[in-house]
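The values are calculated or read from the model by the stated rules, or taken from the named source; none is laboratory data. Predicted, not measured: the structure shown is a model, and the values here were computed from it. All Cβ positions, glycine included, derive from the backbone under ideal geometry; neighbour counts span all protein chains shown.
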């Protein structure tokens, strides 16, 4: 509810500005269409500006508190031509550093927020593409079974859209159904619209093939069966590649962050016993380097592991 009111208010303030610059934000409009977020580009950008302003105010507040509590960071420069030139301004150094700190906080909070808004649709579409392609083989098998039972294409898409187990693939089907039942378009036009705005190339290729079959009066059931078999073969190949990649990552982790650190720890312990080394380096290796590397590997494996 708060986000809705904030979106409306920000659109009232900045919407007209972005509406006049529609062509400039063509790429963003395409990305937003693919996210299925049901928000126009001008409202989205207006919300981005409003959030950036709010975060800039937050950054300003934090910067003032930081400077008030800890003072401006002290920077000592070695003597050079530049320091000689600005020697007369030395008395204003603290003021300059304080202002620079405040500006830095504002830019990081405000500018970072705006950049995050601009890139957020790409992140969403990347996740949606992965989810669609993950569930597409199962969705095609479902459509093939229903087509074999004599169900018409529109009802197949409608039934698929209601099965949330198919994730984003079901959502794409729901937009085909929406174009047919709400917008009044035919099946071919609806599939063309979704094919043009889906983030998944595989789903786009699947819909374009279905469009050709429907337009030419071909056998849609046979097409579904062929695509289902194709996706099963591709899935097996991808799973084999994933297992090979996972094995390579496991070997790298064991070599670099299990056997390697153990060797270093033993060597550092011997050197410390002989009085030739400070134990602080070994503590950093054990309590900082190894945990951070492990977290990085966990994130890496999580990002490449299929969800099903």
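In the range 172-191 there is no residue that is modelled with pLDDT under 90, crowded, with 18+ Cβ neighbours inside 10 Å and closer than 25 Å to residue 238 by Cβ. The helices (runs of 4 or more DSSP H) found wholly in the range 173-273 and carrying at least 2 residues that are in the same structural domain as residue 153 (by TED's automatic domain parsing) occupy 187-197, 201-216, 220-254.
Residues that are surrounded by 16 or more Cβ atoms within 10 Å (Cβ to Cβ) and within 31 Å of the chain's Cα centre (by Cα) were ranked within the range 225-245; the one that is modelled with the lowest pLDDT is 235.
For the range 23-37, the criterion of being out of contact with any strand residue (DSSP E or B) (no Cβ under 9 Å at 6 or more places or on another chain) and not in a helix (DSSP H, G or I) is met by at least one residue.
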